[in-house]
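Trainee: Take this structure, written in structure tokens, and hold onto it; I'll ask about it next.
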Amino acid sequence: MLPAEGAVELGLGVQTDRGADDYVRIARFAEAAGFDVISVFHDLGFQPAIVPLTLMARATERIRLGPAALNTWTLHPFEIAAQIAALDTISGGRAYLGLARGAWLDELGLEEEHPLAGMREAVEIVRRVLAGDTSGFQGARFVLAPGRGLHFERPRATVPLMLGTWRPRMAALAGEVADELKIGGCVNPDMARLVRGWIENDDVRLVVGAVTVVDEDGDAARALARQRVALYLPVVGALDVTLEPEPGVPLPLDPFVLAGTPEEIVSRVEALLDAGVGRVEFGPPWGITDESGLTLLADRVLPRLRGTG
């Protein structure tokens, strides 16, 4: 279930480099603190998102949760549908599905020739499988034989769909087929406004999320954020078309991370909401330590953004 129209969501992003007990602890903290969503990353080389999501679903009762995002090169849409249906069952109907083209796929010898058409076909197969439609599908890229379906009960015939992209044509597709669009690794209000226009559908929620470091020492927070964003910056740095980087000059930090004091984080998020963003996700490491960052987000950031602090 999606939140009411116009309602702002605040979520946590979680990387899959932890032990089982950590996922349970983080999920319980997030729910108790009042976060709306947990998004679990599915990055190449890390644990598959479905494992932490299953643990988190069993440890919570209210919070929405899902992968952000699976890609249809390393998982067939039928397998994606099966995973998200299982998560929706375990969570009692709280799952959402994030799909994206994927990154680092060239390292696996994979190259998507027609990403837009492939995504459209993948969405169609996922929806048919979740709805119990066993009529089959014959596409240019994906095939599903007639009679093939899921052999377990599930609480819903559909789940909310989020597409991840920085590109105008995929954003337009999200405007047709998705409930949400996420710009992963972006907290730039200018880019958010641009993508909001590409979607061409006000009913589709715009989501942003990025490396977050909140600390009483804003300079220390920014220094750690610069270290932690290094894995993603080569991927997302060239995608922000609102920036005009100069040769040999490092990209600015602010468009790609949320880093600073609690008051600075609140101000940055408010600017994103003013730009048309409907959900902001705070990605790891959250603070100089997990505990300090999560505590500051829960005690000093969320109340201000909710108007209760």
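Trainee: Report every pair of residues separated by at least 6 positions or lying on different chains whose Cβ atoms are under 6 Å apart, first residue within the stretch 100-120 and closer than 10 Å to THR72 by Cα, second among the polar types (S, T, N, Q) and modelled with pLDDT of 70 or more.
Mentor: Here the result reads ALA100/ASN71; GLY102/ASN71, each pair linking the stretch 100-120 to a residue that is among the polar types (S, T, N, Q) and modelled with pLDDT of 70 or more.
Trainee: Within the stretch 290-309, can you find the residues that are more than 19 Å from TYR232 (Cβ to Cβ) and open to solvent by less than 10 Å² (accessible area, probe 1.4 Å)?
Mentor: Result: LEU294, LEU297, VAL301, LEU302.
Trainee: Considering only the stretch 269-289, state which residues are assigned to a helix (DSSP H, G or I) and either under 16 Å from LYS182 (Cα atoms) or open to solvent by less than 30 Å² (accessible area, probe 1.4 Å) (or both). Break it down stepwise before answering.
Mentor: Quick first cut of the stretch 269-289, residues assigned to a helix (DSSP H, G or I) only: 269-274.
VAL269, LEU272, LEU273, listed by residue number.
Trainee: Of the conditions (1) free of Cβ contacts under 8 Å to residues at least 60 places away in the same chain; (2) hydrophobic (A, V, I, L, M, F, W, C); (3) crowded, with 18+ Cβ neighbours inside 10 Å, VAL214 fails just one. Which one is it?
Mentor: The one condition VAL214 does not meet is (1).
Trainee: Oh, and also: Can you tell me which residue within the stretch 251-268, out of those that are in a helix (DSSP H, G or I) and in contact with a Lys or Arg (Cβ under 7 Å, 6 or more places away or on another chain), is farthest from PRO189 (Cα to Cα)?
Mentor: Taking the stretch 251-268 first, the residues in a helix (DSSP H, G or I) are 254-256, 262-268.
Imposing the further condition that a residue be in contact with a Lys or Arg (Cβ under 7 Å, 6 or more places away or on another chain) reduces the set to 262, 266.
On the way: PRO262: 19, VAL266: 14 Å.
Looking at the filtered set, the residue picked out is PRO262.
Trainee: Out of (1) open to solvent by 10 Å² or more (accessible area, probe 1.4 Å); (2) under 15 Å from ARG268 (Cβ atoms), the odd one out for GLU244 is which?
Mentor: Result: GLU244 passes all but (2).
Trainee: Here are VAL129, VAL159: which of them is farther than 28 Å from ALA210 by Cα, of a type in the set (A, V, I, L, M) and in contact with a helix residue (DSSP H, G or I) (Cβ under 6 Å, 6 or more places away or on another chain)?
Mentor: Values: VAL159 fails: farther than 28 Å from ALA210 by Cα.
From the options VAL129, VAL159, the qualifying one is VAL129.
Trainee: A further question on this structure: Given the criteria part of a loop (DSSP other than H, G, I, E, B), at pLDDT below 95 and surrounded by fewer than 23 Cβ atoms within 10 Å (Cβ to Cβ), does ALA157 qualify? Outline the logic, then answer.
Mentor: On the way: part of a loop (DSSP other than H, G, I, E, B): yes; at pLDDT below 95: no; surrounded by fewer than 23 Cβ atoms within 10 Å (Cβ to Cβ): yes.
For ALA157, the condition - part of a loop (DSSP other than H, G, I, E, B), at pLDDT below 95 and surrounded by fewer than 23 Cβ atoms within 10 Å (Cβ to Cβ) - is not met.
Trainee: Any residue at all in the stretch 167-176 that's within 18 Å of the chain's Cα centre (by Cα), basic (Lys, Arg) and surrounded by 14 or more Cβ atoms within 10 Å (Cβ to Cβ)?
Mentor: Scanning the stretch 167-176, I find at least one residue that is within 18 Å of the chain's Cα centre (by Cα), basic (Lys, Arg) and surrounded by 14 or more Cβ atoms within 10 Å (Cβ to Cβ), so the answer is yes.
Trainee: Residue check, ARG154 against (1) within 26 Å of VAL208 (Cα to Cα); (2) touching a residue at least 60 places away in the same chain (Cβ under 8 Å); (3) in contact with a helix residue (DSSP H, G or I) (Cβ under 6 Å, 6 or more places away or on another chain), all met but one. Which one?
Mentor: Result: ARG154 passes all but (1).
Trainee: Please count how many residues of the stretch 193-205 are closer than 27 Å to ALA259 by Cβ and surrounded by 23 or more Cβ atoms within 10 Å (Cβ to Cβ).
Mentor: 2
Trainee: How many residues, within the stretch 253-292, are closer than 30 Å to GLU200 by Cβ and either at pLDDT below 95 or in contact with an Asp or Glu (Cβ under 7 Å, 6 or more places away or on another chain) (or both)? Even if it seems obvious, please write down each step before you answer.
Mentor: Restricting attention to the stretch 253-292, the residues satisfying the condition of being closer than 30 Å to GLU200 by Cβ are 254-258, 267-283.
Okay, now just the ones that are also either at pLDDT below 95 or in contact with an Asp or Glu (Cβ under 7 Å, 6 or more places away or on another chain) (or both), so 255, 278-279.
The number of residues fulfilling the criteria is 3.
The values are calculated or read from the model by the stated rules, or taken from the named source; none is laboratory data. No experiment lies behind these values; they were computed from the predicted model shown. Here the Cβ is made from the backbone with ideal geometry for all residues, glycine too, and neighbour counts use every protein chain on show. What goes into the accessible areas is simple: the full protein's heavy atoms, side chains included, and nothing from ligands, DNA or RNA. Shrake-Rupley method; radii C 1.70, N 1.55, O 1.52, S 1.80 Å.
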